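Have a look at the structure below before the remarks.
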Amino acid sequence: MREIYLDNSATTAVRPEVAEVMQEVLCENYGNPSSLHRRGLLAERVKKEARRVLAEACGIKENEIIFTSGGTEANNLAIKGVARRFKRRGRHLITTKVEHPSVLYTCRALEQEGFQLTYLDVDADGLVTPEAVAEAVTEETILVSIMHVNNEVGSIMPVAEIGSLIKQKNPRTLFHVDAVQSFCKLPVRPQAWQVDLMTVSAHKIHGPKGIGALYCREGVQLAPLLHGGDQEGGIRPGTENMAGIAGFAEAVRLLLPQQAENSRQMGKLKEMLLAGLQARLSGIRANGSLPGAPHILNLTIEGIKGEVLIHALAEDGIYASTGSACHSHRADPSHVLLAMGRTPQEIEASLRFSFAATNTVEEIEYAIDKISAAVEMLRLVTRRKK
């Protein structure tokens, strides 16, 4: 059976070149970069080069990169690290209602520690206005955390405008951006956006799972989450995941030169799938701002249950999702779609397709046929039950 993988926002396939680099580090260049002998020095060289690659991709300094175990840890480090380091300056933090769970749950945990949180509303497209952010900033605000691209609906937040207004309102307020869904798909320029901290991850860009990084602007001090070593400037102790770090850098090397072309290709496939389904089926509605991020398409399809359709499509080798992979085993409705004003019935009828540049026009044509047939079948079954 052929396989059409349209769940690339959950994770991507590791490219063979990335796996080769990781294999070399695992089996040949296996030293600990903290060791002083030749093996350690060779490993340190790999880490230094990886740091250079990521820094160049973001337009930042090499010493501003902190390697982590992934996006979740990087988000936790940014938010908790700022909150606990600067709590004497203020105890107020701002985020939105549509952030990734690794941001929202971290903020809720900080509320239990006595911090005050403001969760900003979004509009029907999942966007927050820069003015709303600026209005919420006070003298007590130590951090604002807002994602660049929403992982469920693909809406692109106006982070450059937000960063500018934050600094005008309170220059001491730090700005964190979760760029996990945009890194190597859209240009990310934290310095131009006046961003102080930014999260990126490897497994969304055909790199390995278990490795991510946090951009931390030079001069910004964080309270570490962990203790026990001097790695990563003492901010993230523990022996480094060298195979992951090398694989992350290789994935960036491969994708970055093709970023613009890949984005055009994914955007074309997104438009094709939406137009094809709307031509074949009634009651199709896209969620999120359009065109939005080129690789994410969230649809509400009237008359079906998203979870049932996901299982039906899997029988035809088509893999999609009902939203964030972090919530795939929970019955709770999407907090993103709820914040956008969708009803529980609309949310139940929604699913996400997410693309990679490796997807093809032929695959999308096949997907349109199979999705249309499955929806018509499910709608017929539903009508017969009534």
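For region 185-241, just the Cα atoms, rotate onto the principal axes and tell me the three extents in Å, largest first.
If we take the Cα atoms of region 185-241, the spans are 36, 29, 13 Å.
Order these by the 10 Å Cβ neighbour count, fewest first: E3, E271, E64. Show your work: numbers first, answer last.
On the way: E3 10, E271 15, E64 23.
The order, fewest Cβ neighbours first, is E3, E271, E64.
Suppose a student asked you for the relative contact order of region 235-386, using Cα pairs under 8 Å spaced at least 6 residues apart; what percent would you report?
29
How far apart, in nm, are two points set 7 Å out from the Cα along the Cα-to-Cβ line at R383 and at R39?
Between R383 and R39, the simple spin-label model gives 6.9 nm.
For the charge dipole of the chain, defined by +1 on Lys and Arg C-beta atoms and -1 on Asp and Glu C-beta atoms about the Cα centroid, which residue among G341, N262, H203 has the Cα displaced farthest towards the positive pole?
G341
Using only alpha carbon pairs under 8 Å that are at least six residues apart, calculate the relative contact order of the chain and give it in whole percent.
This gives 23 percent for the chain.
Over region 21-151, what number does the Rg to Rh ratio reach, with both radii from the alpha-carbon atoms and Rh per Kirkwood? Show your work: numbers first, answer last.
Numbers: Rg = 19.1 Å, Rh = 17.4 Å.
Radius of gyration over Kirkwood radius for region 21-151 works out to 1.10.
Using just the alpha carbons, could you tell me how many Å³ per residue the convex hull of region 16-256 encloses?
Numbers: hull volume 26.7 nm³, N = 241.
Expressed per residue, the convex hull around the Cα atoms of region 16-256 is 111 Å³.
Using only the Cα atoms, what convex hull volume per residue in Å³ does region 334-386 have?
Numbers: hull volume 5.0 nm³, N = 53.
Once divided by residue count, the hull of region 334-386 is 95 Å³.
Please arrange T96, T11 by counting, for each residue, the other beta carbons lying within 10 Å of its beta carbon, fewest first. Walk me through the numbers before you get to the answer.
Numbers: T96 25, T11 16.
Least to most surrounded, the residues fall as T11, T96.
For the chain, what is the charge dipole size about the Cα centre, in debye to the nearest 20, if Lys and Arg each add +1 at the Cβ and Asp and Glu each add -1 at the Cβ? Please list the in-between numbers first.
Details: 44 positive and 45 negative charges, 109 e Å.
In debye, rounded to 20, the chain gives about 520.
Only helices at least 27 Å long along their axis, Cα-based, and averaging -0.5 or more on Kyte-Doolittle count here, so list those DSSP H runs from the chain.
On the way: long enough: 38-58 (30 Å, -0.56); 259-280 (31 Å, -0.68); 361-385 (36 Å, -0.02).
The qualifying helices are 361-385.
Sort largest first and round to whole Å: the equivalent ellipsoid semi-axes of region 190-276, each the square root of five times a Cα gyration tensor eigenvalue.
Working: eigenvalues 206, 58, 26 Å².
Each semi-axis is the square root of five times an eigenvalue, giving 32, 17, 11 Å.
Have a look at P130, P171, P101 and tell me which one the Gaussian network model of the chain (Cα, springs below 10 Å) gives the largest fluctuation.
The residue that fluctuates most here is P171.
If you rank R285, R352 by fewest surrounding Cβ atoms within 10 Å, what's the result?
Listed from fewest to most nearby Cβ atoms, that is R285, R352.
Within a Cβ distance under 14 Å of A134, other residues only, what is the Lys/Arg minus Asp/Glu net charge? Working shown, then result.
Values: positive: K167, K169; negative: E131, E135, E139, E161.
Value of the local net charge: -2.
I need to check one value: relative contact order of region 203-308, counting alpha carbon pairs closer than 8 Å and at least 6 residues apart, in percent.
Working: 84 pairs, mean separation 20.2, N = 106.
That works out to 19 percent.
Quick check for me: using +1 on Lys/Arg Cβ and -1 on Asp/Glu Cβ, what's the dipole size of region 11-146 about its Cα centre, in debye to the nearest 20? Can you show the working numbers first?
On the way: 18 positive and 20 negative charges, 173 e Å.
For region 11-146, the charge dipole is close to 840 debye.
What lysines does K305 reach when the alpha-carbon gap must be under 29 Å and sequence neighbours fewer than 8 apart in one chain are set aside?
Leaving aside lysines fewer than 8 places away in the same chain, those within reach of K305 are K97, K204, K268, K270, K370, K385, K386.
Read-outs: derived from the displayed coordinates by stated rules, not from any lab. Keep in mind that what you see is a predicted model, and the values were worked out from it rather than measured. Neighbour counts run over all protein chains shown; Cβ positions are idealised from the backbone, glycine included.
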